[in-house]
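The values are calculated or read from the model by the stated rules, or taken from the named source; none is laboratory data. Keep in mind that what you see is a predicted model, and the values were worked out from it rather than measured. When we count neighbours, we look across all protein chains shown, and the Cβ atoms used for this are built from the backbone with ideal geometry, even at glycine. The accessibility values were calculated without ligands, DNA or RNA, using every heavy atom of the protein model including side chains. Shrake-Rupley method; radii C 1.70, N 1.55, O 1.52, S 1.80 Å.
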Amino acid sequence: MAETSEVFRVGLLGHGTVGGAFATLLEERAGAVAATTGLRPELSGVLTRSRGDFDSILEGSDLVVELMGGIEPAREYVLRAMRAGKHVVSANKQLLSQHGEELWAVARENGVQLRFEGAVAGVVPVIRVLQESLAAAHVERIHGIVNGTTNYILSEMARSGISYEQALGQAQELGYAEADPTDDVTGRDAAAKMAILARLAFSTPVHLDQVAYEGIEHITADDMAYADELGLGLKLIGTAERVDGGISVRVHPAFLYGQHPLASVNGPFNAVTVESDAITEITMSGPGAGGPQTASAVLGDVVSAMIPPASTPETTEALPLVGDVVSAFYVHMEVADRPGVLAQIAEILGMQGASIKSFVQRGLGDNARLVMVLHPLLESRLYAAVRMIAQLDFMRAAPRAIRVIDEDFS
């Protein structure tokens, strides 16, 4: 079958870590793809900073794979390819999270496919599941670990008791973190991915700039130790959910109880949980980063595009974005241990409707630490209480608050 198959020409934009892995994988798997589709995929041209010509690649390709990264010229090339009637496969999360509506509109206008499984969660097939398997489900919430770098860092801090800086250094040595890890550790990378997932799950425009995100740079070894004593583990969690007729999309560190399906996902792995009344809950997990892993997802998209038709997601009316949501919290306070300290803190928390679920105290005198987990309340009320507590004269530092996903998965 493979020897007599018609050639399907693939133009490749970008030949870095993922692009190089994709080129190798395409050659290795061309026979298997031909046996499945009747078409043998072959590279028709490669564009890098130093070689190749986009116009020639465009003219000589049936499909264009964009693995350049960044916004421009990737956006220009993707738009030109689709307007020329070419299918496009991309793993560019920043491009899709900032210009997705424009790209999908052009794909629909020109009757071509725009596929992007590799942009979110590596080989975890969450895009395909949302677009195809769960197309008829009314998704209520997606949340997950969508950045392997931060998950590795937090896993090592919990396992070894090392500092954030030490764990980041290990991640860089192993190739899990870039020399400049800013997008990963600040949560921006995960925010881009959650914007894409929210767009697909709720069929409403979501731009990266509309996603609230926090990173892990402020997490300490003490936080990890106290959390372990309270039966909690820490992950950088992305959430997209329906709230009061709107949606909330956010990324932040969150503590999980051991029974939570994401609690056992460690190292550079990703996992995404999708919740809907129709399906209750499904969790998908797998490697979330790396050239071969992302290349595998990209090749899967190429094969899907070779077997039309496929739909390009339609937009609906824009749903309002909800910023103030309910969450449980872990709160860490460094205080001078004097009579009445806990009573004053509890009074302020009570004024904002917060109640204490569990509590740990360590140290005496001027070096005491209070760590507590609060029952769920509106985030705005928690932060109002934290600001008031920070003004008390016995506080030695501003309180630190980290969200807790307080759900029963027993």
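Is it the case that the stretch 221-233 has a residue that's open to solvent by 50 Å² or more (accessible area, probe 1.4 Å) and in contact with a Ser or Thr (Cβ under 8 Å, 6 or more places away or on another chain)?
Initial filter on the stretch 221-233 (open to solvent by 50 Å² or more (accessible area, probe 1.4 Å)): 222, 225, 228-229.
Within this subset, residues satisfying the condition of being in contact with a Ser or Thr (Cβ under 8 Å, 6 or more places away or on another chain) are none.
No.
No other residue among Arg83, Arg75 is within 23 Å of the chain's Cα centre (by Cα) and open to solvent by 20 Å² or more (accessible area, probe 1.4 Å) apart from Arg75.
If a residue must be in contact with a strand residue (DSSP E or B) (Cβ under 7 Å, 6 or more places away or on another chain) and either in a strand (DSSP E or B) or surrounded by fewer than 24 Cβ atoms within 10 Å (Cβ to Cβ) (or both), how many such residues does the stretch 86-95 contain? Spell out how you get there, then give the answer.
Step one: filter the stretch 86-95 for residues in contact with a strand residue (DSSP E or B) (Cβ under 7 Å, 6 or more places away or on another chain), giving 86-90, 92.
Remaining after also requiring either in a strand (DSSP E or B) or surrounded by fewer than 24 Cβ atoms within 10 Å (Cβ to Cβ) (or both): 86-90.
Residues that pass the stated criteria total 5.
Going by what's in this entry, would Val302 be described as over 21 Å from Ala190 (Cα atoms), of a type in the set (Val, Ile, Thr) and part of a helix (DSSP H, G or I)? Considered against the rule, which asks whether it is over 21 Å from Ala190 (Cα atoms), of a type in the set (Val, Ile, Thr) and part of a helix (DSSP H, G or I), Val302 comes out as yes.
Can you pull out the residues in the stretch 6-62 that are part of a strand (DSSP E or B) and open to solvent by 30 Å² or more (accessible area, probe 1.4 Å)? Lay out the reasoning, then the answer.
Going through the stretch 6-62, the residues part of a strand (DSSP E or B) turn out to be 6-13, 39-47.
Correct list: Glu6, Val7, Arg9, Leu39, Arg40, Glu42, Leu43, Ser44.
Would you check which residues across the stretch 244-269 are assigned to a strand (DSSP E or B) and either under 17 Å from Asp406 (Cα atoms) or open to solvent by 30 Å² or more (accessible area, probe 1.4 Å) (or both) and list them?
Looking only at the stretch 244-269, we keep the residues that are assigned to a strand (DSSP E or B), and these are 246-257, 269.
Arg250, Val251, His252, Pro253, Ala254, Phe255, Leu256, Tyr257, Phe269, listed by residue number.
Residues satisfying the criterion are present in the stretch 276-292 (criterion: open to solvent by less than 10 Å² (accessible area, probe 1.4 Å) and modelled with pLDDT of 90 or more).
Answer yes or no as to whether Gly238 is in a loop (DSSP other than H, G, I, E, B), open to solvent by less than 30 Å² (accessible area, probe 1.4 Å) and among the small types (Gly, Ala, Ser). No.
For the stretch 63-72, which positions are open to solvent by less than 10 Å² (accessible area, probe 1.4 Å) and out of contact with any Lys or Arg (no Cβ under 7 Å at 6 or more places or on another chain)? Outline the logic, then answer.
Of all residues in the stretch 63-72, those open to solvent by less than 10 Å² (accessible area, probe 1.4 Å) come to 63-66.
The answer is Val65, Glu66.
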